[in-house]
2 protein chains.
Amino acid sequence: MKADTEKLKSLRDDFIGQWGAMGSQWGISRTMAQIHALLMTSTRPLSTDEVMDELAISRGNAHTNLKELVAWGLVRIVVRKGERREFFEAEKDVWQIFITVARERKRREIEPALSVLRRCADGSEDMTSEEGRAFFEQMRQLEEFVELTSKMSDRIASMKHGFAVQMAAKLLG
Amino acid sequence: MKADTEKLKSLRDDFIGQWGAMGSQWGISRTMAQIHALLMTSTRPLSTDEVMDELAISRGNAHTNLKELVAWGLVRIVVRKGERREFFEAEKDVWQIFITVARERKRREIEPALSVLRRCADGSEDMTSEEGRAFFEQMRQLEEFVELTSKMSDRIASMKHGFAVQMAAKLLG
DNA sequence: CACTGGTTTCAGTATTTACTGAAAATTCGG
DNA sequence: CCGAATTTTCAGTAAATACTGAAACCAGTG
């Protein structure tokens, strides 16, 4: 069916575009998110040149963002025997993607935040002025909360998909 | 103790700076995050001019970001009787902050994402090609997952702080 | 060991996003 | 209404970020 091929292409472009836009709201570069979307919806690994063509971007841009995705652990490099160039393939399992993103964001955002909060809490611990006490309390509460969040995220990430979903279902029931 | 006053100021500046940096990693403007940090660690509501001075920013910038914080629901406007100008005060309760941010991010990011995923899943539902099937499956899985996340976030946001913490503790235990 | 196909780097440029400062609008007491 | 105190808007500019394209690099091959 010819119509389907066309339609699929346009749906896919829609997805890629929107996923890219979403990415930039989160602190992720638009291109990186687009490449991710492209690879997630590809039935086979793609070469750098295919990515460049599909998204109409430069080689440098494609290269940098592909490598960044590999660094995040969202994309794998695939080598075909007899082929010299590299191909790229995205992780497609949603739970796995979630865990990967959670781990990476934790490392890049939560940990630094925690260290600031600890520093501020420790530094103000034995102040006696009203202002000092209030500051200490605020920092301590933030620290406690962020720490809890961080531990929860570890715990959830270590669950099997099925178990997590089951738990979620119970919670929602 | 004079030393404490100095130290507090520098700790606070540290916090404000780092919170601002964090903010820009998330898709929030640096200034907005800094103002939020400033107000969170203030023992009293501040005027626009105080915010401008403290952070060395322009009136326009201060104004825009204060209003944005109010729109998010993270900051309240306070009027003092006999005073014409407005003062601003941040929500300090960590759980409340969390809920507010979660709700807002859901509205701005999750909902739009869901609508794309639905559109893509619906549009490809009855395609028969291998590519079409794969695309549909991927969209459906993403949709399902995002939907679950969204419901969970609603559920958690509707809990009392104490209850949520208790549940977290059990989960971590 | 030079050639080919491919990857990596990066200076320069374009795009996006955030900020300034001053003018315009609004509010309110007199 | 008038004018002083404030808030709001926004055109212009600055800063941050992302992208290009070409050159340098690297790894197999004949």
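Here are some notes:
- Conditions (1) within 12 Å of DNA strand D (Cβ to nearest atom); (2) surrounded by fewer than 20 Cβ atoms within 10 Å (Cβ to Cβ): number failed by A:Asp13: (1)
- If only residues of the stretch A:37-59 that are in contact with a strand residue (DSSP E or B) (Cβ under 6 Å, 6 or more places away or on another chain) and not hydrophobic (A, V, I, L, M, F, W, C) are counted, the one that is surrounded by the most Cβ atoms within 10 Å (Cβ to Cβ) is A:Pro45.
- Single residue of the stretch A:150-164 satisfying the filter (open to solvent by less than 70 Å² (accessible area, probe 1.4 Å) and in contact with a helix residue (DSSP H, G or I) (Cβ under 7 Å, 6 or more places away or on another chain)) that is farthest from B:Leu8 (Cα to Cα): A:Ala164
- Every residue from the stretch A:5-24 that is within 12 Å of DNA strand C (Cβ to nearest atom) and either over 20 Å from the mean Cα position of the chain (by Cα) or more than 7 Å from every other protein chain (Cβ to nearest Cβ) (or both): A:Gly20, A:Ala21, A:Gly23, A:Ser24
- Flag for B:Ala62 being more than 9 Å from chain A (Cβ to nearest Cβ), open to solvent by 30 Å² or more (accessible area, probe 1.4 Å), over 25 Å from A:Glu91 (Cα atoms) and under 26 Å from the mean Cα position of the chain (by Cα): no
- Complete set of residues in the stretch A:25-41 that are more than 11 Å from DNA strand D (Cβ to nearest atom) and either of a type in the set (Lys, Arg) or more than 9 Å from chain B (Cβ to nearest Cβ) (or both): A:His36, A:Ala37, A:Leu38, A:Leu39
- Per-region count, the stretch A:90-141, residues among the aliphatic types (A, V, I, L, M) and either outside any helix (DSSP H, G or I) or farther than 13 Å from B:Thr41 by Cβ (or both): 10
- Neighbours by Cβ (under 7 Å, 6+ apart or cross-chain): first from the stretch A:92-121, over 18 Å from B:Leu142 (Cβ atoms); second at pLDDT below 90: A:Glu109/B:Gln25
- Members of the stretch A:99-133 found to be at the interface with another protein chain (Cβ under 7 Å from one of its Cβ atoms) and crowded, with 17+ Cβ neighbours inside 10 Å, listed by number: A:Ala113, A:Val116, A:Cys120, A:Gly123, A:Ser124, A:Met127, A:Glu131, A:Gly132
- B:Glu50 out of contact with any Lys or Arg (no Cβ under 6 Å at 6 or more places or on another chain) and in a loop (DSSP other than H, G, I, E, B): no
- Of all residues in the stretch A:138-153 being of a type in the set (D, E, K, R) and more than 9 Å from every other protein chain (Cβ to nearest Cβ), the one that is nearest to B:Gln18 (Cα to Cα): A:Glu143
- Complete set of residues in the stretch B:1-29 that are among the aromatic types (Phe, Trp, Tyr) and free of Cβ contacts under 8 Å to residues at least 24 places away in the same chain: B:Trp19, B:Trp26
The values are calculated or read from the model by the stated rules, or taken from the named source; none is laboratory data. In this text the structure is predicted, and so the values were computed from the model without any measurement. Reconstructed Cβ throughout: ideal geometry from the backbone, glycine too, with neighbour counts over all protein chains shown. Only protein heavy atoms, including side chains, enter the accessible area calculation; ligands, DNA and RNA are left aside. Shrake-Rupley method; radii C 1.70, N 1.55, O 1.52, S 1.80 Å.
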